[in-house]
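Here's the structure, in C-alpha cells; my notes come after.
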Amino acid sequence: MNICRVEISYGTRWQVRHLQAIRSAYGSAPYFDHYYGLLETEMLHRSQYLIEFNTRLTKFIASLLGIPWQVSFTEKYERKPNNLIDHRQYFTPRNFSKVSSYLSYPQVFSEKHPFTPNLSILDILFCQGPEAITKLRKMNV
C-alpha cells in the first residue's frame, strides 16, 4: 500500500481522547490557554489521509515556533533524492540521543519530578511559550 493513501478512521473519537490527554497533562502549564484552542482546531480538522494530517500538524507547530517550513514529497521512495535536501535521517531517536546538553525549564510537575528532556514539542511550547524556539536553538536541536 502506498503510504500516502493510508486513510484515517473516524469511527472512534480518537481526536477528542488525545485532546483530553493533552488538557490533563498540560492544563496548568503557563502557556496552555494561549495555544490549546489553536491546537484543538488543528487536531479536530478532518483530513482524509494520515500524511495530510501529520503534514498539517507539523506545519502548524512550526508556525507557532516561527519556523518557516516547506516540505515536498517524491512520487516514490528514493534512497538519495536528487535536487532535494534530505532530512529523513535527522528526525530519529538516535539523533536526539546525541544531544549532549539540555537546557531545563520548569515543567508542569517540576515541583515533584526532575526535569525530563524530550517529552514532546507540546511540553516546551506549553511551558515556555514564545521562548520555546530560543531554548531549542540553544540546545542545537
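The values are calculated or read from the model by the stated rules, or taken from the named source; none is laboratory data. This one's a predicted model, so the numbers in the text were calculated from it and none came from an experiment. Neighbour counts are summed over all protein chains in view; Cβ atoms, including those assigned to glycine, are modelled from backbone coordinates with ideal geometry.
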Within the range 121-141, can you find the residues that are in a loop (DSSP other than H, G, I, E, B) and touching a helix residue (DSSP H, G or I) at 6+ places or on another chain (Cβ under 9 Å)?
-> VAL141
Quick one: THR74 ticks every box in (1) out of contact with any Pro (no Cβ under 8 Å at 6 or more places or on another chain); (2) over 22 Å from LEU119 (Cα atoms); (3) not aliphatic (A, V, I, L, M) bar one, so which box is it?
-> (1)
Can we say ARG23 is of a type in the set (Lys, Arg) and at pLDDT 95 or above?
-> yes
